[in-house]
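> If you scroll down you'll find the structure; I have some questions about it.
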Amino acid sequence: MELAEVVRRRRMVRRFDPDRPVAGGSLERVLHAAQRAPSAGFSQGWDFLVLEGPAQTGTFWAATRDGERQPDAWLRGVAAAPVLVLCLSHPDAYLDRYAEPDKGWTDRDPARWPVPYWDVDTGMAAMLMLLTAVDEGLGALFFGVPPDRHDAVRQAHGIPVDRRLVGVVALGHELTRTTSPSLRRGRRPASEVVHRGAFGAGPGESVPGPV
């Protein structure tokens, strides 16, 4: 499939078919694509914890749920996904990498990073999973875990304390199409999003010089 078509078709799927597994070859290609993401200093400070089948994914959902709350339509639809990929970032991999001779930040101070590239790069890896899923004829969803459930997920799956849970990619076959109410907001036009030369300047507009 052409890249433009993949991008056009990509959407967040919220209703998965529990009776259609993800083919092993497709899953491996999704994971391989994630490892092709760019990373600062080629640090590759990410890990992907793959959960397959009801036993493994059920452990995840049990760790994320408030036991007193009944599952809503979103949870029932997404919990049916046969595969979950937990996307973990590893800040120390970046601090170590940039303390090497060719980088030279020997103090390993996280304050040198005004943007946490360990999370940014892991997010880019997740996007490559979403796009590859489309190319494989799969549905996918990226979602976050409530902050108060991170420790429970970490304990349930033996995730080391030095890893950050950036988000989760659910993979499977779409059961029914749903539309997020948020889409009613509409997509921001390029005239609002794209700035040329200076913030607020569009095509053909003069860019103010320094005062």
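> Using alpha-carbon positions, what is the distance between the centroids of the range 24-51 and the range 107-156, in Å?
A separation of 11 Å, based on Cα centres.
> How much of GLU100 can a 1.4 Å solvent probe reach, expressed as accessible area in Å² and rounded to 10?
80
> Multiply the residue gap between ARG149 and ARG76 by 0.36 nm, knock off their C-alpha separation, and tell me the result in nm, one decimal place.
Between ARG149 and ARG76, full extension yields an extra 24.5 nm.
> Right, something else. Leaving out ligands, DNA and RNA but keeping every protein chain, what accessible area does PHE60 have, in Å² rounded to the nearest 10, with a 1.4 Å probe?
0
> Can you give the FRET efficiency to the nearest 0.05 for ARG196 and ARG36, using r as the Cβ-Cβ distance and R₀ = 30 Å?
Numbers: r = 30 Å, r/R0 = 1.01.
Efficiency computed from Cβ-Cβ geometry: 0.50.
> Just the number, please: carbon plus sulfur as a percent of the accessible area of the chain, 1.4 Å probe, no ligands or DNA/RNA counted.
Details: 6650 of 12680 Å².
After summing per-atom areas, the C and S share lands at 52 percent.
> Still on this model: Could you give the accessible area per residue of the range 117-205, probe 1.4 Å, as a whole number in Å²?
Values: 5280 Å² over 89 residues.
Value returned for the range 117-205: 59 Å² of accessible area per residue.
> Using a 1.4 Å probe and ignoring any ligands, DNA or RNA, find the accessible area of TRP105 and quote it in Å² to the nearest 10.
80
> Under the Kirkwood approximation for Rh and a Cα-based Rg, what ratio Rg/Rh is obtained for the range 1-142? Please report the intermediate quantities before stating the final value.
Numbers: Rg = 17.7 Å, Rh = 16.9 Å.
Reported Rg/Rh, Kirkwood definition of Rh: 1.04.
> Given 0.36 nm per residue, what is the gain on full extension from GLU5 to THR179 after removing their alpha carbon distance, in nm?
60.7 nm
> Separate question: Quick one: if the Förster radius is 35 Å, what FRET efficiency do TRP113 and ASP19 give, using the C-beta to C-beta distance and rounding to 0.05?
Plugging the Cβ-Cβ distance into 1/(1 + (r/R0)^6) gives 0.20.
> Another question, if that's okay. Leaving ligands, DNA and RNA out of it, rank LEU183, LEU165, LEU86 by accessible area with a 1.4 Å probe, largest first. Show your work: numbers first, answer last.
On the way: LEU183 115, LEU165 20, LEU86 0 Å².
Ranked from most to least accessible, the order is LEU183, LEU165, LEU86.
> While we're here: Give the shape of the range 104-168 as rounded, prolate or oblate, defined through the alpha-carbon gyration tensor: a ≥ b ≥ c are the square roots of its eigenvalues, a/c under 1.5 means rounded, and otherwise the shape is prolate if a/b is larger than b/c and oblate if not.
On the way: a/c = 2.72, a/b = 1.37, b/c = 1.99.
Judged from the Cα gyration tensor, the range 104-168 comes out oblate (a/c at least 1.5, b/c at or above a/b).
> Under a 5 Å amide H to amide H cut-off, with H placed in plane at 1.01 Å, what residues pair with GLY172 once short-range neighbours are removed?
GLY139
The values are calculated or read from the model by the stated rules, or taken from the named source; none is laboratory data. The structure presented is a predicted model; accordingly, all values stated were derived computationally and were not measured. FYI the Cβ positions are ideal-geometry reconstructions off the backbone, even for glycines, and counts take in every protein chain you see. Heads up: the accessible areas ignore ligands, DNA and RNA and are worked out on the full protein's heavy atoms, side chains in. Shrake-Rupley method; radii C 1.70, N 1.55, O 1.52, S 1.80 Å.
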